[in-house]
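Worksheet: one structure, shown below.
The values are calculated or read from the model by the stated rules, or taken from the named source; none is laboratory data. These numbers come from a predicted model, not from an experiment. Cβ placement follows ideal geometry from the backbone for every residue including glycine, while neighbour counts extend to all protein chains displayed. Accessible surface areas use protein heavy atoms only, side chains included; no ligands, DNA or RNA. Shrake-Rupley method; radii C 1.70, N 1.55, O 1.52, S 1.80 Å.
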Number of protein chains: 2
Amino acid sequence: MAKGKLSTRQQRMLTFIRDFLRENDYPPTIREIGRACLISSTSVVNYNLNKLEECGLINRNLRVSRGIQLTEAAPRNLVPIPLVGRIFASEPVPVPDAPASFAPDEAINLTRDLVGDGADLFALEVRGDSMIDAMIGDGDVVVMKRQIEARNGDLVAVWLNDSEETTLKHFYLEDGRVRLQPANPTMQPIYAIPANVRVQGKVVLVLRQMEAI
Amino acid sequence: MAKGKLSTRQQRMLTFIRDFLRENDYPPTIREIGRACLISSTSVVNYNLNKLEECGLINRNLRVSRGIQLTEAAPRNLVPIPLVGRIFASEPVPVPDAPASFAPDEAINLTRDLVGDGADLFALEVRGDSMIDAMIGDGDVVVMKRQIEARNGDLVAVWLNDSEETTLKHFYLEDGRVRLQPANPTMQPIYAIPANVRVQGKVVLVLRQMEAI
DNA sequence: CTTGACAGGGAACACCCGTTCTGTTATCAT
DNA sequence: ATGATAACAGAACGGGTGTTCCCTGTCAAG
């Protein structure tokens, strides 16, 4: 019973709970919800709260006053991702060695729906315009997953042994050779033998923040 | 009576309230605080809560169950941003009219350190490769701030009246004409008279999510 | 020694709040 | 018609919850 459609009343209750929580920092009671949504009976509020819980939109703590949690605001929705360094074209990716060595010196928090459980993820700030053919510019932050191998189509960071540079390209292994395809479709791919490319990780997310909102 | 020193008991209560709030998303009751801090009497908890309020560390809503707010970091750091539509080169940006009409049908949650308080913000999904000179590709999500005017250097979405298209460029007003500079430094700017450009909003954040983490 | 402020304990009160039970109404397939 | 089911209304029950009142002990100032 994942997602029955919400009735008008249920939708109204949900937005009220959101607004109330934003205003007061604690959830409303059943009677406060009823008063705001013009529901005279507490049992009806209770009935619809159960419906909302069945849809996975809220969590209820039974027998606890104001025991309503919005699943979207649940604290475990935030995943901290360590910002481990910068990425240059002229240097390999500084992949963090110890996965568990959680360095909270600098981290960015992202929601679980963007990055999953955050396992094996780390973030890098891009320096220079060398990744421009991957549509990634100076100052962008890339979130990467640490892995050695790549599947066809993955956008990966690779170190090219002969030219000694790091680059971000889509990876394709075909006919015994590696095709590295720029994300920008107007640019040409480059080809290499497998022994020449060392996959450093796979790009999961690109984040570009303009200064001065 | 701004800041008398906190007793051990008061400090313990404060950290318990923090932990409880982090875990449950709603504040504890007086008796729950007492149980956790080994205080047998509710009046003592009440007494020390008043002390904490006098120090400005919490706010109390009298006669309301669980009516405790932490003054420090209380506001939620997740900001919901409505995903209002798609952006094509051939059509104007679908700027949402009503700012207060909170449409939770589809929204992306981002942290406050990325987007501030989220005022006047909305998100659009980019369709097509027409924004490629702004380093924005098909499937990217752009978070925009609704505004009519732009300052020099802003990355804005503009509607060009004569060519009838939407484009994302850096905005510069110089010598009475508008210079629209692609974000990709290898590409050339275009020039237009101010009457020809209509600013639709300013890009605050670009988000590119790879499928299949 | 008395006094007053301060910190704490215990119990009772009155209201708040979630729950549950009994109906009522409307829709719909049988 | 008929039974099933969803949605809703009202009322009552019992426990949760903030508040208040009275008490004890400590400690420094008078």
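Take B:Ile148: with every protein chain present and a 1.4 Å probe, its accessible area is about 130 Å².
Here is how far apart the A:Arg18 label points are across copies: 3.0 nm, shortest first, using a point 7 Å from Cα toward Cβ. Lys/Arg Cβ at +1, Asp/Glu Cβ at -1, dipole of the protein assembly as shown taken about the Cα centre: which of A:Leu57, A:Met13, A:Ser43 is farthest positive-ward? So the residue furthest toward the plus end is A:Ser43. Between A:Ile190 and A:Asn161, the modelled labels are 1.6 nm apart [label points 7 Å from Cα along Cα→Cβ].
For labels at A:Leu38 and A:Arg177 in the simple 7 Å Cα→Cβ model, what's the distance in nm? Between A:Leu38 and A:Arg177, the simple spin-label model gives 7.1 nm. Among B:Ser40, B:Ser163, B:Ser130, determine the one that fluctuates most according to a GNM of chain B built with springs between C-alpha atoms less than 10 Å apart. Of the options given, B:Ser40 has the highest mean-square fluctuation. Across chain A, Cα pairs under 8 Å and at least six residues apart give a relative contact order of 15 percent. Once backbone amide H atoms are built at 1.01 Å from N, B:Glu165 has B:Leu160 as its partners under 5 Å, excluding neighbours fewer than 5 places away on the same chain.
Fully extended, how many nm does the chain gain between A:Ile148 and A:Met210 (0.36 nm per residue separation, minus their Cα-Cα distance)? If you can, show how the numbers build up before the last one.
Values: separation 62, 0.36 × 62 = 22.32 nm, distance 3.20 nm.
Residue separation times 0.36 nm, minus the Cα-Cα distance, leaves 19.1 nm.
With its label point defined 7 Å out from Cα along the Cα-to-Cβ axis, B:Arg112 lies at 2.2 nm from the matching points of the other copies, in increasing order.
Since only B:Met135, A:Leu205, B:Thr186 are under comparison, the one whose Cα sits farthest along the positive direction of the charge dipole of the protein assembly as shown, derived from C-beta charges on Lys, Arg, Asp and Glu, is A:Leu205. Taking only the Cα atoms of the range A:27-90, the ratio Rg/Rh comes out at 1.34, with Rh defined as the Kirkwood radius. Label points for B:Arg146 are taken 7 Å from Cα along Cα→Cβ. From this copy to the others they lie 4.4 nm apart, shortest first. Just checking the listed ones, A:Val44, A:Val143, A:Val126: in the Gaussian network model of chain A with Cα springs under 10 Å, the one fluctuating most is A:Val44.
Rolling a 1.4 angstrom probe over chain A with all protein chains present gives an accessible area of which 50% lies on carbon and sulfur atoms.
Please compute, for peptide B:201-211, the average count of beta-carbon atoms on other protein chains lying within 10 Å of each residue's beta-carbon.
Details: counts 0, 3, 2, 6, 5, 8, 7, 12, 8, 10, 2.
That works out to 6 on average.
Eigenvalues of the alpha-carbon gyration tensor of chain A, scaled by 5 and square-rooted, set the equivalent ellipsoid semi-axes at 48, 18, 15 angstrom, largest first.
Spatial offset of the range B:184-213 relative to the range B:147-163 amounts to 9 Å, using the alpha carbon center of each.
For the protein assembly as shown, what is the charge dipole size about the Cα centre, in debye to the nearest 20, if Lys and Arg each add +1 at the Cβ and Asp and Glu each add -1 at the Cβ?
Working: 50 positive and 54 negative charges, 537 e Å.
Roughly 2580 debye for the protein assembly as shown.
The amide H of B:Gly201, built 1.01 Å from its N in the peptide plane, has B:Gln147, B:Ala157 as neighbours under 5 Å, considering only residues 5 or more places off or on other chains. Each label was represented as a point 7 Å from its Cα along the Cα-to-Cβ direction; for B:Thr111 and A:Lys5 these points are 3.8 nm apart. Note on chain B: with a GNM built from Cα contacts shorter than 10 Å, the maximum mean-square fluctuation among B:Gly56, B:Gly85, B:Gly139 falls on B:Gly56. Once the protein assembly as shown is represented by equal point scatterers at the alpha-carbon sites, with solvent omitted, what log10 I(q)/I(0) does the Debye formula produce at q = 0.12, 0.14, 0.15 Å⁻¹? Computed log10 I(q)/I(0) values: -1.09, -1.25, -1.33. Taking every residue in A:150-157 and counting other chain Cβ atoms within 10 Å of its Cβ, the average works out to 1. Calculated mean residue ellipticity at 222 nm for chain A: -5500 deg cm²/dmol, from DSSP H runs with n ≥ 4 weighted as -39500 (n - 2.57), summed, divided by the residue count and rounded to 500.
Give me a single rounded figure for B:59-70: the average over its residues of other chain Cβ atoms within 10 Å of their Cβ. Could you put the intermediate results ahead of the total?
Numbers: counts 2, 0, 3, 0, 0, 6, 5, 9, 4, 2, 3, 1.
Counting Cβ atoms of other protein chains within 10 Å of each residue's Cβ and averaging gives 3.
At an R0 of 35 angstrom, the distance between the Cβ atoms of B:Tyr47 and A:Asn61 translates into a FRET efficiency of 0.80. This model, with +1 at the C-beta of Lys and Arg and -1 at the C-beta of Asp and Glu, gives the range A:77-207 a dipole about its Cα centre of some 300 debye. On full extension, the segment bounded by A:Glu23 and A:Glu125 gains 33.1 nm, given 0.36 nm per residue less the C-alpha separation.
How do the peptides A:186-199, A:5-18 rank, highest first, by the average count of neighbouring beta carbon atoms within 10 Å per residue? Mind showing how you got there, number by number?
On the way: A:186-199: 13.4, A:5-18: 16.1.
Output ranking for A:186-199, A:5-18: A:5-18, A:186-199.
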